[in-house]
Amino acid sequence: MIDFHQQPSDLRAFEGTRNRVREFLAAEIANGTFKPWQVTWTSFDREFSRRAGAAGFIGMTWPRAFGGGECSALERYVVVEEMLAAGAPCGAHWIADRQSGPQILAHGSERAKRAILPRIARGEYAFGIGMSEPDSGSDLAAVRTRADKVDGGWIVNGTKVWTTNAHQVDALITLVRTSPAGERRHEGLTQMITPTDAPGITVRPIRDLSGHHEFNEVHFENYFVPDDMLIGDPGTGWAMVTAELAYERSGPDRYLSAWQLLTALIDRIGTRPDRLQSVQAGRLVAHAMALRRMSTLIAGLLDRGANPSVEAALVKHVGTGFEREIPEVARLLVDDARDGDRAIVERFDEALRQVLLAAPSFTLRGGTREILRGVIARGLGLR
Ligand SMILES: Cc1cc2nc3c(=O)[nH]c(=O)nc-3n(C[C@H](O)[C@H](O)[C@H](O)COP(=O)(O)OP(=O)(O)OC[C@H]3O[C@@H](n4cnc5c(N)ncnc54)[C@H](O)[C@@H]3O)c2cc1C
């Protein structure tokens, strides 16, 4: 079995936290509150998030004044990787903890910070991401949802798409155009906090390949946003989106999506694997550990206030490629005809079924591989 105790030295300082989150997760599993999922960080369970918040596992790096724990990003990393490795249903706090909360903390108004951050930290306030549009995914500067200035705020009109969990969250951070694109297309974009229970917003479901309802189309019609629910000044949205993507692209969620399948595969091939099985399983585990090293290095850079967006693009590119490889390798390594312990066979079959259907999305969400290669090439000065 793969043991996270064998870890980069910079994580060793947080063994106490690791043990604490493991105890929390073991109690959750013993109480039957969740069955380990394969696509863990989008599985939405408000009650789980409330308990995680009460245990101090959300908003860990934020100031105490806003409900945080004033921990380092590396300590948070330990909690996040344990949650993912256990298959915990983190979807109701994932986006808020990973990126919306940090954005509000860094650039939000005092009212937004006081009203929203403590609720996120308690696991009571869920966020989604309102960036992509029907004609604008990779090319975010082309967004057409616009906000027009009125007394005391802005009126938003337009449509967002692929908005994960929009039907369940309390608010989105929505990227809109607040002034026309000039010569520089990235100017004139702004991020806003848009609660989903306000008038003027309609959320419609989109079913994915596996039949699940996680995606949505979100339509804004004359939707009012008060001035103090803007994140930063009008027109500063692009810099924020790119900084936000460093958080979105570098974490353990970018290589642990198929983790349950990898551990199920290792159990399935058993203690006497043939040569191909041992070489391939060993290669996957070694690859995971190298990715973990890269990803923790970025957590360290974020801790020091850097904006490692190129490094994060690299981790996501390699990490999501790895996640997609796991089901392909698993399919080739396991001989269906070979008997095994029934529980182990069933867990492997179920994990493989789920991951096969989810895998195509691993390399799309958060920026496609082609776009990441462009970011990396630019960072290396090649374009
Ligand atoms: C599971 C999942 C969850 C998601 N959740 C959210 C969410 O919560 N909120 C949100 O806002 N969005 C979300 N998205 C949307 C996601 O960010 C977009 O799908 C992604 O950025 C790609 O945009 P697109 O779908 O419009 O594809 P397009 O941009 O139309 O791209 C189509 C193809 O063309 C390629 N391409 C495009 N431009 C270039 C270029 N310049 N050079 C080379 N190749 C290029 C792309 O790589 C891709 O292969 C999610 C997507 C998935 C799969």
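Below are the figures for this structure:
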quantity: Which listed residue, of Leu209, Leu256, Leu189, Leu175, is in contact with a Leu (Cβ under 7 Å, 6 or more places away or on another chain), away from the ligand (no atom under 14 Å from the Cβ) and closer than 30 Å to Val318 by Cβ; calculated: Leu256
quantity: Failed criterion for Arg365 (all others in (1) assigned to a helix (DSSP H, G or I); (2) under 17 Å from Trp41 (Cβ atoms); (3) within 11 Å of the ligand (Cβ to nearest atom) hold); calculated: (1)
quantity: Residue in the stretch 158-171 that is surrounded by the most Cβ atoms within 10 Å (Cβ to Cβ), counting only those that are near the ligand (Cβ under 8 Å from one of its atoms) and assigned to a strand (DSSP E or B); calculated: Lys160
quantity: Test result for Gly67, on the phi > 0 side of the Ramachandran plot, touching a Leu at 6+ places or on another chain (Cβ under 8 Å) and more than 12 Å from the ligand (Cβ to nearest atom); calculated: yes
quantity: Unique match (being within 16 Å of the ligand (Cβ to nearest atom), within 23 Å of the chain's Cα centre (by Cα) and not hydroxyl-bearing (Ser, Thr, Tyr)) among Leu357, Leu291; calculated: Leu357
quantity: Residue within the stretch 142-149 that is over 14 Å from the mean Cα position of the chain (by Cα), part of a helix (DSSP H, G or I) and within 16 Å of the ligand (Cβ to nearest atom) present; calculated: yes
quantity: Some residue of the stretch 318-339 being of a type in the set (S, T, N, Q), under 21 Å from Arg98 (Cα atoms), out of contact with any Lys or Arg (no Cβ under 8 Å at 6 or more places or on another chain) and within 12 Å of the ligand (Cβ to nearest atom); calculated: no
quantity: Count of the stretch 368-381 residues which are away from the ligand (no atom under 14 Å from the Cβ) and out of contact with any helix residue (DSSP H, G or I) (no Cβ under 7 Å at 6 or more places or on another chain); calculated: 2
quantity: Residue pairs meeting the criteria (Cβ under 8 Å; at least 6 apart or on separate chains; first within 23 Å of Ala141 (Cβ to Cβ), in the stretch 355-373; second within 8 Å of the ligand (Cβ to nearest atom) and part of a helix (DSSP H, G or I)); calculated: Thr363/Arg369
quantity: Where a residue in the stretch 114-139 is within 21 Å of Thr163 (Cα to Cα) and its partner, wherever it lies, is aromatic (Phe, Trp, Tyr) and within 16 Å of the ligand (Cβ to nearest atom), with Cβ under 7 Å and at least six apart; calculated: Ser132/Trp162
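Each value in this text was obtained by applying a stated rule to the coordinates, not by laboratory testing. Predicted, not measured: the structure shown is a model, and the values here were computed from it. Cβ: placed from backbone, ideal geometry, glycine included. Neighbour counts: every protein chain shown.
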